[in-house]
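**Student:** Once you've had a glance at the structure underneath, I'll fire off some questions.
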Amino acid sequence: MKQQSQVIFERNTVEFVTVAAEYCAFIERSEGQQRTEFVDTLLKILPLLYIKAAMLPECEMMGDEGLETFVTEDDYEVIRINLQELLADRDDYLDVFVEEMKYSDTPIRKSIAEDLSDIYQVVKDFVCQFRSGLNETMHDALAQCRELFMEYWGQTLVNTMRALHEVRYSKSDDDTDEEQYDD
């Protein structure tokens with residue numbers, strides 16, 4: 001019991017929880033934001049989220065039961081649609097770091113909004129589980145989030161950052177925010 005308490009209250013865990021909660025709150029407030037400000041802020045939050053997740057302590061699941069999920073399909077869709085509308089014509093990007101690429105000669109089209117929503121779903125569930133205040137639940141939430149980071153959402157985050165970097169710094173003809181990005 002003491003071992004699990006040490007892990008869930010370690011500095012790196014507490015810092016990750018803080019950044020994860022901020023990411024979720026930012027995504028939830030995305031409706032009505034300007035694309036330029038939204039992308040600029042994400043390009044600051046996402047690297048921090050990645051670093052803090054990469055620094056999470058190793059831990060194993062303690063419980064046998066699955067953890068409660070909090071993000072419903074409807075919640076996910078509302079977030080995804082809001083992000084898709086915000087990103088508009090800059091939502092799609094080509095990705096080569098997907099499993100299907102092994103069997104394809106053409107790049108796979110991905111969606112920034114969907115990727116951000118996927119990250120949101122995992123991180124929001126973690127934050128809600130961690131807020132339970134129950135040591136075993138908090139410990140298992142940490143173990144699951146770390147495992148999913150290594151297996152899935154860490155790579156998704158990095159790929160999405162590459163796409164957001166392109167949105168922020170490209171000088172394409174169809175970029176409606178180009179004038180706002182000139183310094």
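Any read-out appearing in this document is the output of simple, stated calculations on the displayed coordinates, not a laboratory observation. On a predicted model such as this, the values are computed, not experimentally measured, just so you know. Counting neighbours? That spans all protein chains shown, and the Cβs are built from the backbone with ideal geometry, glycine included.
**Student:** Among the residues of region 65-82, how many are surrounded by fewer than 11 Cβ atoms within 10 Å (Cβ to Cβ) and among the aliphatic types (A, V, I, L, M)?
**Tutor:** Total satisfying the criteria: 0.
**Student:** Within region 44-59, work out how many residues are within 16 Å of TRP153 (Cα to Cα) and touching a residue at least 12 places away in the same chain (Cβ under 8 Å).
**Tutor:** 11
**Student:** Here are the criteria: (1) under 29 Å from GLU15 (Cβ atoms); (2) in a loop (DSSP other than H, G, I, E, B). Tell me which single one LEU87 does not satisfy.
**Tutor:** In the conditions (1) under 29 Å from GLU15 (Cβ atoms); (2) in a loop (DSSP other than H, G, I, E, B), LEU87 misses (2) alone.
**Student:** Can you spot a residue in region 31-44 that is buried (at least 18 other Cβ atoms within 10 Å of the Cβ), aromatic (Phe, Trp, Tyr) and part of a helix (DSSP H, G or I)?
**Tutor:** yes
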